[in-house]
Amino acid sequence: MPKINALVAGSTGYIGIQLIKLLVKHKYINIKYLCGNSSVGKKISNYDKSLSNKKLPKIISFNKKLLKDIDVVFTALPNGEAQDISKHLTKNIILIDLAADFRLEKGSDYFKWYKQKHRATNLIKKSLYSLPEINGKYIDKYQIISCPGCYPTSILLPLIPLFKNNLVKVKNIIIDSKSGYSGAGRSVHKKYKDKNLYESLSAYGVGFHRHNSEIDQMLSKFTKKKISFNFTPHLTPMFRGILSTIYIDLEKGATQLKLIKLLTDFYKKEDFVKILKADSLISTNDVINSNNCFISVCKSKYKGKIIILSAIDNLIKGGAGQAVQNLNMKFNFPRKTALS
């Protein structure tokens with residue numbers, strides 16, 4: 001199988017670096033261009049020493065002329081910038097966006113949650129919000145692939161099958177998620193300089209975090225009922241990883257064992273979602289540096305209630321790994337290429 005040419009825009013952020021680390025292991029990918037703004041002219045190894053011995057191009061500014069010999073563009077850019085790049089795509093170029101530019105189905109929703117006007121609303125219909133295990137089967141039909149956010153990935157993977165099969169109530173859901181500080185990007189050190197980032201736990205985005213929008217959008221597709229949930233994210237004094245704890249009420253007749261069996265059957269053919277034994281205690285350490293999502297269904301002391309634990313690496317399954325997973329599906333590469 002011949003290699004395809006890739007361009008990575010936004011190559012020096014935490015997600016961009018992680019993406020490059022995966023792509024250099026991908027036997028069907030040639031990294032043709034690395035693009036950035038303030039990093040133009042520098043080597044990517046300046047940002048991560050593990051890339052020092054890799055034959056990688058120096059970082060350059062993006063311009064549309066670069067696209068003439070490119071098969072796939074990865075955008076790990078600030079929100080809004082992938083929209084501008086998308087306008088220059090020819091029909092043979094695939095765009096895989098790791099930011100939020102094409103996650104929401106309505107331009108008005110994007111404006112509501114991201115406080116900026118969507119500049120490529122005509123291309124939203126050409127994009128797919130692709131959580132591979134849920135709706136990746138539709139990926140062939142779309143030119144623009146939008147990778148889900150890290151928090152929603154950890155939340156949607158356990159909840160969607162349960163919603164789809166009416167095993168849990170869709171109201172009064174409580175989602176408590178804790179992430180490594182890399183999820184906030186390189187600017188986190190300046191943004192939280194007064195928060196004692198390396199020794200404290202911080203809640204943020206309480207009640208109105210942007211990821212509420214895509215969680216709501218995706219869960220609503222699998223029920224005709226009005227859903228309600230409270231989602232609170234936290235930054236923790238660790239570099240990477242997410243642990244989401246989800247509190248839900250069971251529908252009549254549903255049990256812990258039924259939930260475990262349903263999730264196990266739903267994901268039995270999937271490589272990266274692991275359903276653990278009842279009441280397993282999981283940690284981010286179980287999934288760090290992997291594209292895995294570990295899910296545990298636990299009893300509550302209250303009848304009719306269940307606690308679900310879900311752990312991922314925010315930079316891989318919640319970011320760069322999911323992008324490569326989508327790449328492999330889109331181009332019919334072996335599913336686990338560069339992700340083993």
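The values are calculated or read from the model by the stated rules, or taken from the named source; none is laboratory data. Since the model is a prediction, treat every value here as computed from it, not as a measurement. Don't worry about glycine lacking a Cβ; one is built from the backbone with ideal geometry, like all the others, and counts go over all protein chains shown.
Which members of the range 127-136 meet the condition of being in a helix (DSSP H, G or I) and either at pLDDT 95 or above or among the β-branched types (Val, Ile, Thr) (or both)? Outline the logic, then answer.
Of all residues in the range 127-136, those in a helix (DSSP H, G or I) come to 132-136.
132, 133, 134, 135, listed by residue number.
So is residue 77 part of a loop (DSSP other than H, G, I, E, B) and surrounded by 13 or more Cβ atoms within 10 Å (Cβ to Cβ) or not? Spelling it out, residue 77 is indeed part of a loop (DSSP other than H, G, I, E, B) and surrounded by 13 or more Cβ atoms within 10 Å (Cβ to Cβ).
Of the residues making up the range 29-45, those that are closer than 26 Å to residue 150 by Cα and not in a strand (DSSP E or B) number 6.
Scanning the range 99-123 for residues being more than 17 Å from the chain's Cα centre (by Cα) and either of a type in the set (A, V, I, L, M, F, W, C) or loosely packed, with under 13 Cβ neighbours inside 10 Å (or both) gives a total of 10. Note on the range 226-257: residues that are aromatic (Phe, Trp, Tyr), surrounded by fewer than 18 Cβ atoms within 10 Å (Cβ to Cβ) and in a strand (DSSP E or B) total 1.
Checking the condition part of a strand (DSSP E or B), out of contact with any His (no Cβ under 8 Å at 6 or more places or on another chain), within 28 Å of residue 3 (Cα to Cα) and not aromatic (Phe, Trp, Tyr), which residue from 89, 95, 123 passes? Let's see the steps before the verdict.
Values: 89 fails: part of a strand (DSSP E or B); 123 fails: part of a strand (DSSP E or B).
Only one candidate passes the filter, namely 95.
Can you say whether residue 30 is surrounded by fewer than 18 Cβ atoms within 10 Å (Cβ to Cβ) and in contact with a strand residue (DSSP E or B) (Cβ under 6 Å, 6 or more places away or on another chain), as far as the supplied structure shows? Considered against the rule, which asks whether it is surrounded by fewer than 18 Cβ atoms within 10 Å (Cβ to Cβ) and in contact with a strand residue (DSSP E or B) (Cβ under 6 Å, 6 or more places away or on another chain), residue 30 comes out as yes. Taking the conditions exactly as written (touching a strand residue (DSSP E or B) at 6+ places or on another chain (Cβ under 9 Å), among the acidic types (Asp, Glu) and surrounded by 18 or more Cβ atoms within 10 Å (Cβ to Cβ)), does residue 69 satisfy them or not? No: the conditions fail for residue 69. In the range 172-225, of all residues being more than 23 Å from residue 240 (Cβ to Cβ) and charged (D, E, K, R), the one that is modelled with the lowest pLDDT corresponds to 224. Of the residues in the range 302-327, how many are farther than 18 Å from residue 175 by Cα and either of a type in the set (Ser, Thr, Tyr) or surrounded by fewer than 21 Cβ atoms within 10 Å (Cβ to Cβ) (or both)? Counting residues in the range 302-327 that are farther than 18 Å from residue 175 by Cα and either of a type in the set (Ser, Thr, Tyr) or surrounded by fewer than 21 Cβ atoms within 10 Å (Cβ to Cβ) (or both) gives 1.
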